[in-house]
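*Asks:* So that we are looking at the same thing, I have put the structure below in structure tokens.
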Amino acid sequence: MTYDEAVKYIMDIPRFTKKNDREHTRTFLRYLGDPQEKLKVIHVAGTNGKGSVCAYLDGMLRSEGKSTGLFTSPHLVKVNERIRVNGEMIGDEAFTEVFGETLEAVRRMEKEGLSHPTFFEFLFGMALCAFAEAKAEYAVLETGLGGRLDATSAVEHPVVCAITSIGRDHMEYLGNTLAEIAAEKAGIIRPGVPVFFAQTSPESDSVISSRAAEVHSFCKKIGKDAYEILGIEDKHIAFSCSNAYYGNTTWKLNNTGRYQPGNAMLALEVMRYLFGEAGHPDRWRETLADLKWEGRMEEVLPEVYIDGAHNISAVQAFCDSLPRDERKNMILFSAVRDKEYEEMISCLCRNADADLYVVTQISGSRAAEVRELGRLFEKYTDRPVLTIESAGDAFRYVLEHRGDRRVYCLGSLYLAGMIKDWIGEAE
């Protein structure tokens, strides 16, 4: 089977599978030879910041000379992005090879009357096989949805768990309150396995702490007082750590998102637990200053940024990160139907200092209708609102008419992926 055929098969999986329980995923992993048992797994859940925390951990582990596998979702342009070995996206040839091995295991399962893995399960199995075959020591796994029922939770013996900030997203599956959502995320906590989590709200924090106490796991909350943001300069955000373990020097991130120091601090505390006095914070500092994570306040062209904010808490964090200066901003926005896009739009109009909003429609059946999005912007702002149905035409418009304004594109990871794909084609 060719690479293109393998990708087509994977993309077609949602058409003929249903959601499977965690026991099904465990069975699937057994058919694959339990590759997870050869890895030291770091399991990461949360609403926002999971991908960034995973990327920071992966980079810092490699700075310690460790071989790593990184499994994240979703991808922006190419499905290979979800599987990275030692910092590199898996190549097409290796992807095709591990796809064949995984499909062979699936065919054996089906002969025994077991159901086909879901899209996410299949890619998760591929990732673990790729990591084990590459003899990775650590595997950093990002949950797909929630935690308690997520396929990644089929890994029964992680070495440490991390939970990022909790916000309202996927409420049709995870619950309507922060406490209910936190309970689903806290489902990754395993008996006796340490858990580190980002302070969010009293109700979500207490749920995570209580769950850890129930299963006798060491639990540490990373409070907002663990670091101090010092400022933004030359496309980097600078912060200091309050604990003497990290030294008195300034830390920098290759990003301007004010939410990122909290993600970095969570990753740093996991590293501190893993390596203690044997760790090399100076190496970690260099890694964080250089590391880029795509789609998170990423500058894709000069003064053109894409941000993966696609729920209300992420949009609030985006607004907090906008520069407060004399420069004007233009915002390109789109969303999918099953998000709270009216609340996202209201937040943008109240808190983002933009003098023009361009609204568009992403491709696919989940897309929110562009005229509905435009109507809502006009409801919440007196600034100009332009609706352009084609996302490609909308992006070309903002590039041609931005003048000296900064451009921010957000509301959907699909939009971020489409923009990166267009830029890649142009280059």
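*Asks:* Could you figure out which of (1) more than 23 Å from the chain's Cα centre (by Cα); (2) over 18 Å from Ala335 (Cβ atoms) isn't true of Arg375?
*Replies:* The failed condition is (2).
*Asks:* Within the group Ser73, Ser52, which residue is small (Gly, Ala, Ser), under 30 Å from Gly411 (Cβ atoms), part of a loop (DSSP other than H, G, I, E, B) and in contact (Cβ under 8 Å) with a residue 40 or more places away in the chain?
*Replies:* Step by step, each of Ser73, Ser52 is checked, and only Ser73 is small (Gly, Ala, Ser), under 30 Å from Gly411 (Cβ atoms), part of a loop (DSSP other than H, G, I, E, B) and in contact (Cβ under 8 Å) with a residue 40 or more places away in the chain.
*Asks:* Ala267: surrounded by 23 or more Cβ atoms within 10 Å (Cβ to Cβ) and out of contact with any His (no Cβ under 8 Å at 6 or more places or on another chain), yes or no?
*Replies:* It is true that Ala267 is surrounded by 23 or more Cβ atoms within 10 Å (Cβ to Cβ) and out of contact with any His (no Cβ under 8 Å at 6 or more places or on another chain).
*Asks:* For the subset of segment 254-289 comprising residues that are part of a loop (DSSP other than H, G, I, E, B) and in contact (Cβ under 8 Å) with a residue 40 or more places away in the chain, which member is farthest from Arg324 (Cα to Cα)?
*Replies:* Gly279
*Asks:* Another question, if that's okay. Can you find a residue that is crowded, with 24+ Cβ neighbours inside 10 Å, modelled with pLDDT of 95 or more and over 15 Å from the mean Cα position of the chain (by Cα) anywhere in segment 46-59?
*Replies:* no
*Asks:* Could you say whether any residue in segment 82-102 is under 27 Å from Trp284 (Cβ atoms), assigned by TED's automatic domain parsing to the domain that holds Ala267, outside any helix (DSSP H, G or I) and in contact with a Leu (Cβ under 7 Å, 6 or more places away or on another chain)?
*Replies:* Within segment 82-102 (the criterion being under 27 Å from Trp284 (Cβ atoms), assigned by TED's automatic domain parsing to the domain that holds Ala267, outside any helix (DSSP H, G or I) and in contact with a Leu (Cβ under 7 Å, 6 or more places away or on another chain)), the answer is yes, since at least one residue qualifies.
*Asks:* Within segment 177-207, can you find the residues that are of a type in the set (S, T, N, Q) and either at pLDDT 95 or above or under 22 Å from Ala267 (Cβ atoms) (or both)?
*Replies:* Gln199, Thr200, Ser201, Ser204, Ser206
*Asks:* Any residue at all in segment 169-176 that is farther than 18 Å from Pro35 by Cα, among the acidic types (Asp, Glu) and at pLDDT below 95?
*Replies:* Within segment 169-176, one or more residues are farther than 18 Å from Pro35 by Cα, among the acidic types (Asp, Glu) and at pLDDT below 95.
*Asks:* Let me ask something else about it. Tell me yes or no: at least one residue of segment 328-342 is closer than 18 Å to Leu76 by Cα, out of contact with any Leu (no Cβ under 8 Å at 6 or more places or on another chain) and not aliphatic (A, V, I, L, M).
*Replies:* So far as segment 328-342 goes, no, none of its residues is closer than 18 Å to Leu76 by Cα, out of contact with any Leu (no Cβ under 8 Å at 6 or more places or on another chain) and not aliphatic (A, V, I, L, M).
*Asks:* If you take the residues in segment 247-260 that are out of contact with any His (no Cβ under 9 Å at 6 or more places or on another chain) and surrounded by 22 or more Cβ atoms within 10 Å (Cβ to Cβ), which one is farthest from Tyr305 (Cα to Cα)?
*Replies:* Filtering first and then ranking leaves Trp251.
*Asks:* Just to check your reading of the model, which residue among Lys111, Lys40 is at pLDDT 95 or above and within 26 Å of Ala264 (Cβ to Cβ)?
*Replies:* When all the criteria are applied, what remains is Lys40.
*Asks:* Looking at Glu37 and the list (1) assigned to a helix (DSSP H, G or I); (2) under 26 Å from Gly175 (Cα atoms); (3) not aliphatic (A, V, I, L, M), which single condition is not satisfied?
*Replies:* Evaluating Glu37 over (1) assigned to a helix (DSSP H, G or I); (2) under 26 Å from Gly175 (Cα atoms); (3) not aliphatic (A, V, I, L, M) leaves (2) as the failure.
*Asks:* Also: Looking at Gly262, Gly279, Gly247, which one is in the same structural domain as Thr72 (by TED's automatic domain parsing) and under 22 Å from the mean Cα position of the chain (by Cα)?
*Replies:* Within the list Gly262, Gly279, Gly247, the selection yields Gly262.
*Asks:* When only residues in segment 126-149 that are among the charged types (D, E, K, R) and either in contact with a Pro (Cβ under 6 Å, 6 or more places away or on another chain) or modelled with pLDDT of 95 or more (or both) count, which is surrounded by the most Cβ atoms within 10 Å (Cβ to Cβ)?
*Replies:* Among residues in segment 126-149 that are among the charged types (D, E, K, R) and either in contact with a Pro (Cβ under 6 Å, 6 or more places away or on another chain) or modelled with pLDDT of 95 or more (or both), the one surrounded by the most Cβ atoms within 10 Å (Cβ to Cβ) is Glu142.
*Asks:* Would you tally the residues in segment 290-322 being more than 19 Å from the chain's Cα centre (by Cα) and without any contact (Cβ under 8 Å) to a residue 60 or more places away in the chain?
*Replies:* Number of matching residues: 1.
The values are calculated or read from the model by the stated rules, or taken from the named source; none is laboratory data. The structure presented is a predicted model; accordingly, all values stated were derived computationally and were not measured. Ideal geometry is used to build each Cβ from the backbone, glycine not excepted, and the neighbour counts take in all protein chains shown.
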